[in-house]
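The values are calculated or read from the model by the stated rules, or taken from the named source; none is laboratory data. Keep in mind that what you see is a predicted model, and the values were worked out from it rather than measured. Cβ: placed from backbone, ideal geometry, glycine included. Neighbour counts: every protein chain shown. The accessibility values were calculated without ligands, DNA or RNA, using every heavy atom of the protein model including side chains. Shrake-Rupley method; radii C 1.70, N 1.55, O 1.52, S 1.80 Å.
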Amino acid sequence: MSITDIIRAKRDGRALGRDEIDAVVAGLADGSLPGEQAAALAMAILLKGMDFTETALLTAAMTRSGEVIDWSDMDLPGPLLDKHSTGGIGDKVSLMLAPIVAACGGFVPMVSGRGLGHTGGTLDKLASIAGYHAFPGLDRFRQVVRDTGCAIIGQTGEIAPADRRLYAIRDVTATVESLPLITASILSKKLAAGIRGLVMDIKIGSGAFMATAADAHALAETMGGTAATLGLPMRTVISDMGEVLGTSAGNALEVTEAIAYLRGDA
């Protein structure tokens, strides 16, 4: 089946199969899929949706499009865990939670992102620290997680490259809001990092990306159903973002607040 046939099938509301999804993701990863066809398919998915099985197939294919980190050789004495937030004004939880989980014996290989819209991203906050290297090699990433219990980095070229290209296309084609594509984008990066458990924090309110409770619950359902299909233990929290989280907003200010909290000064 050609890519045009796959686009037509989704446009007409048919569920895509494994071979069709694998073909699309392979074309995204190696650059052979033209941008206009990727954009057309993204719009078809936005309008027609995907069921949990389709979304899981897309997530798995995007995970396999790059390197999947294997931690088995390190014999880590604790679980590989992660947390993801849809973001909001003053949301600095990751800066605090990753070292807290590490102090409790967990290991947190967190692949984070830049801000979306008006919300601040964890990576933007860390970039305010002079000398912080947000895009190390995966060997260095593994070493830091092993030695300290946690590390927060950006999405490198080895991690889910199909997602990197598709997200860039979605960003300029008004398809960012597609729940299956949001789900596949988030989970593919998390699974590529080798985690074994995830907490998803979906924020709603005036300072958040998700505007309404209905939107948040719809995303929680899609994320939860897809994670369950893939065998990834996940819990979802829907939290209020109607006011600044904590006492500060702004990248460097939030890092300072997080450090003070972890030291017990706040």
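For the stretch 199-235, the set of residues classified as open to solvent by 10 Å² or more (accessible area, probe 1.4 Å) and closer than 21 Å to Ile69 by Cα consists of Val199, Ala228, Thr229, Leu230, Gly231, Leu232, Pro233, Met234, listed by residue number.
Any residue at all in the stretch 157-166 that's basic (Lys, Arg), open to solvent by less than 10 Å² (accessible area, probe 1.4 Å) and part of a helix (DSSP H, G or I)?
So in the stretch 157-166, the residues basic (Lys, Arg) come out as 164-165.
Now restrict to residues that are open to solvent by less than 10 Å² (accessible area, probe 1.4 Å): none.
For the stretch 157-166, residues basic (Lys, Arg), open to solvent by less than 10 Å² (accessible area, probe 1.4 Å) and part of a helix (DSSP H, G or I): absent.
Residues in the stretch 236-258 that are within 23 Å of Leu81 (Cβ to Cβ) and exposed (fewer than 14 other Cβ atoms within 10 Å of the Cβ): Val237 alone.
Answer yes or no as to whether Asp91 is of a type in the set (Asp, Glu) and under 16 Å from the mean Cα position of the chain (by Cα).
Working: of a type in the set (Asp, Glu): yes; under 16 Å from the mean Cα position of the chain (by Cα): yes.
Yes: the conditions hold for Asp91.
Just one of the numbered conditions (1) open to solvent by less than 20 Å² (accessible area, probe 1.4 Å); (2) part of a helix (DSSP H, G or I); (3) closer than 23 Å to Ile204 by Cα is not true of Thr175: (2). With a requirement of 3 or more residues that are surrounded by fewer than 16 Cβ atoms within 10 Å (Cβ to Cβ), the helices (runs of 4 or more DSSP H) lying completely within the stretch 1-80 that satisfy it span 3-11, 18-30, 35-48.
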